[in-house]
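Worksheet: one structure, shown below.
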Amino acid sequence: MFKKRVSIHWIKAILASAKSLGIETEEILSKTQITLDLDKNKPEYLSLQETQQIWFQAEKLSNHEHFGLIMGQVFRPSYFHVVAYLAMTSPNLKEAYQHFIKFLPLITEAASLSLCYQRNKICIVFTPQIDQTPFSRHQYESALTLLLTFTRWLVGDKDLVPDKVMLEHGMTSDSDAYKNVFGLVPEFNQQQTCIYFPVTLLDKELIDSDASLNQLHLSHAQTLFLSHQTRSWRDKTLFALGQYHHLNLSKKTIADHLNVSPRTLQRRLQEEDTSFQSLLDVHKRDQAIQLIKETDLAFKAIALQLGFAESSTFYRAINRWFNKTPQTLRQEKTVLSDVGD
């Protein structure tokens, strides 16, 4: 499986949030047994699983019902590094969002953002790219709070209130905490995690807009992005596959995403003794085990989500991958859960 990475700058944001609640960084790191040199920003990236360990300990030690909301408000541009400075110097909010979404992997590969237009509104959708450990409620809430805090920072309006906020989890007992942060109470138990603004806000000139600085930051971001992507073509292809929320993907779709022709992608993968189809198979296998063990979706629904037209084909694939039936795999999850209880 492609191992997703998270920038040390994002880790600093998590640790700063915990520190604002009286939890010292050393205490969190000692619990996780992860060694960091925060002054020198080393290592530059942590794995998603290491990041999840730090998140878990920060949440646990703080024991705060709204840790995610607090993290979203303890914002500094340095947590987004060059991506923040590129966005801040953009001419308007639309270009700032476009830069932020494109270069988000420099901050984290653990999630993706997409910008959708719905009549007179824009919607920014937050989608986790989960490896193993599911995201907590606090992680979803921190993402939308950060988006709002950053947007307020960009346009110079600390009182900006979104049109709507949607969260996939249920509401906690304290709705006032959400209203104090967002200016409204979010809609809970929704199909996606997202935040809405008026579409007219996209044309808003940014307070730190600077054409010359923007070009410098863009050049820097592009250089870092190119370096960031210098992995094997196998890893780049698996990462690209993970950016899409459906699995009926073509070689052309992924080649376009990687800015190469399908023929070039095929040749690069052949040089690494693999192929697009075999990597798509790996990706489907990883998604299959996650959907079977971490959701209660019907197997027919999982088959369709994985791109199998027939349930029988899905069952054969599961048997080929795991030498087990979907029922057995799900039962294993249930047994583990019972043991944990």
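The values are calculated or read from the model by the stated rules, or taken from the named source; none is laboratory data. These numbers were taken from a predicted model, which means no experiment stands behind them. Cβ: placed from backbone, ideal geometry, glycine included. Neighbour counts: every protein chain shown. With ligands, DNA and RNA removed, areas are computed over all heavy atoms of the protein, side chains included. Shrake-Rupley method; radii C 1.70, N 1.55, O 1.52, S 1.80 Å.
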**Study point:** With at most 10 other Cβ atoms within 10 Å, longest stretch of the chain clear of loop trypsin sites (Lys or Arg not before Pro) (DSSP)
**Key:** 159-341
Check your understanding: If R0 is 30 Å, what FRET efficiency do you get for residue 31 and residue 65 from their C-beta distance, rounded to 0.05?
Key -> 0.90
Practice item. Kindly list the residues of segment 88-107 that lie in the label zone of residue 211, defined by a backbone N under 18 Å from the point 7 Å along the Cα-to-C-beta vector. Key: 88-96
Practice item. Once you've got the Cα coordinates, tell me which of 94/236; 158/204; 3/236; 4/102 are over 18 Å apart. Key: 94/236
Review point. Simple spin-label model, 7 Å along Cα-to-Cβ: residue 273 to residue 175 in nm?
Key: 6.0
**Study point:** Residues in segment 183-211 that a label on residue 73 would reach, taking backbone N under 11 Å of a point 7 Å out along Cα→Cβ
**Key:** 183
Exercise for review: Set Lys and Arg Cβ to +1 and Asp and Glu Cβ to -1, take the dipole of the chain about its Cα centre, and tell me which of 166, 221, 249 lies farthest positive.
Suggested key: 249
Practice item. State, as an integer percentage, the relative contact order of the chain based on alpha-carbon contacts under 8 Å between residues 6 or more apart. Key: 15
Practice item. Please name whichever of 270, 71, 98 sits farthest to the positive end of the charge dipole of the chain, dipole taken about the Cα centre and charges placed at Cβ: Lys and Arg +1, Asp and Glu -1. Key: 270
**Study point:** Probe 1.4 Å, accessible area per residue of the chain, Å²
**Key:** 50
**Study point:** Inverse mean reciprocal Cα-Cα distance (Kirkwood Rh) of segment 188-341, Å
**Key:** 19.2
Check your understanding: Contour minus end-to-end for residue 320 and residue 102, with contour as 0.36 nm per residue of separation and end-to-end as the Cα-Cα distance?
Key -> 74.8 nm
Check your understanding: Just 305, 327, 73 to compare: in a GNM of the chain, with alpha carbon springs under 10 Å, which one fluctuates most?
Key -> 327
Revision key, fill the gap. With +1 at each Lys and Arg Cβ and -1 at each Asp and Glu Cβ, the charge dipole magnitude of the chain around its Cα centre, to the nearest 20 debye, comes out at 1140
**Study point:** Extension reserve of the residue 295-residue 203 stretch, reckoned as 0.36 nm per residue once the Cα distance is removed
**Key:** 29.1 nm
**Study point:** For segment 279-319, Kirkwood radius (reciprocal of mean inverse C-alpha pair distance, Å)
**Key:** 10.1
Revision key, fill the gap. Ranking 305, 20, 80 by how far each Cα lies towards the positive end of the charge dipole of the chain (+1 on Lys and Arg Cβ, -1 on Asp and Glu Cβ), the top one is 305
Practice item. Determine how many Å³ per residue the convex hull of the Cα atoms of the chain encloses. Key: 165
Study note, to complete from the structure: The aspartates and glutamates whose Cα lies under 12 Å from the Cα of residue 164, excluding any fewer than 8 residues away in the same chain, are 187
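Roughly what % antiparallel, to the nearest 5, for the DSSP beta bridges in the chain?
The answer is about 95 percent antiparallel.
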Check your understanding: How high is the FRET efficiency between residue 159 and residue 235 when r is their beta carbon distance and R₀ equals 51 Å, given to the nearest 0.05?
Key -> 0.70
**Study point:** Qualifying GluC sites (Glu not before Pro) for segment 50-158 [loop in DSSP, other Cβ within 10 Å: at most 16]
**Key:** 65
Practice item. Heavy atoms only, probe 1.4 Å: what % of the accessible area of the chain goes to carbon and sulfur, would you let me know? Key: 49
Check your understanding: Taking the simple approach of a point 7 Å from Cα along Cα-to-Cβ for both residue 261 and residue 133, what is their distance in nm?
Key -> 4.5
Point to revise | Separation of the residue 250 and residue 121 label points, Cα + 7 Å toward Cβ, nm | key: 3.3
